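Report on the following structure.
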Amino acid sequence: MRYLVLSDIHANIDALDAVLEAAPPGSYDGAVVLGDLVGYGAEPNLVVDRVRALSPVAIVRGNHDKVAAGLESAEGFNPTAQRSAAWTRDALSRETREYLVALPEGPRVLDDLVEICHGSPVDEDTYIFGELDAAEALAASRRRVCLFGHTHLPTTAALDASRSLEVLFHRAHGDQRVTFSDGRRYLANPGSVGQPRDGDPRAAFAVFDTEALAIHIQRVEYPVEQARDRILAAGLPKPLAIRLMHGR
Ligand code: ZN
């Protein structure tokens, strides 16, 4: 199976469409979505329509999806994220809200090899930022490979069980193919489609090939100015538009 792995789209239709053009039907066997379809960006309904049309083989909700759907309050968000969450709640169509409400909680086992989650297999809202988080996540994961999102940073981490339980934590930059050699347990984050935070404004996604045991993290240019202008025109907080330009 070749899984198209999408995470943290954040209502950025321009970025999502560029990714779907770079990874057309036929270049993968099924789509996997790791949550945060909405929040921050200006096109939540369009993005959810596009995701539904992909008929993902697996999907989990993100923290922004929960707040937008009214399942959780925006209390823990910073003021900018709170304003964006309030805007998103008002902008959702009834169909979109119902879809978001019904999104399953992670982690979820996908097949014999792969588990998926938004934050971490420890908890759907937990971040994996470094070796320690990765070690806890690898211990909690029920499969050899766990795909995660939430940090908006393309990452792979491996646990070498045959050696001193050392966790190898790696931030991916640009296009990167990582092979999951036998005997190890892996975590992989494809990066964020709609709000990259690693200093590279290009949209990020990945294709994971279960037979080759390889994940290909990729970056694709998209009309960032268009996404920026949509945010400004919608009356969303300005910093959300500016950060897209810088990939921060
Ligand atoms: Zn996110």
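The values are calculated or read from the model by the stated rules, or taken from the named source; none is laboratory data. From a predicted model like this one, the values you see are computed outputs, not experimental measurements. Cβ coordinates were reconstructed from backbone atoms using ideal geometry, including for glycine residues, and neighbour counts include every protein chain displayed. Areas reflect the complete protein model, heavy atoms only, side chains present, ligands, DNA and RNA absent. Shrake-Rupley method; radii C 1.70, N 1.55, O 1.52, S 1.80 Å.
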Nothing charged except the Cβ atoms of Lys and Arg (+1) and of Asp and Glu (-1): what's the magnitude of the dipole of the chain about its Cα centre? Round to the nearest 20 debye.
300 debye
Percent of accessible area on the range 2-246 owned by carbon and sulfur, 1.4 Å probe?
48 percent
How much length is gained on full extension from S55 to E98, taking 0.36 nm per residue of separation minus their Cα-Cα distance?
13.9 nm
Does the range 71-145 classify as rounded, prolate or oblate by the C-alpha gyration tensor (a ≥ b ≥ c root eigenvalues; a/c under 1.5 gives rounded; else a/b over b/c gives prolate, otherwise oblate)?
oblate
What does the accessible area of H150 come to, in Å² to the nearest 10, when a probe of 1.4 Å is used?
10 Å²
How many times 2.2 N^0.38 Å is the alpha carbon radius of gyration of the chain?
0.94
222 nm [θ] for the chain, helices only, -39500 (n - 2.57) per DSSP H run of 4+, per residue, to 500?
-9000 deg cm²/dmol
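So if each residue of separation counts as 0.36 nm, and I subtract the Cα-Cα distance between N78 and H246, what length gain in nm does that give?
58.5 nm
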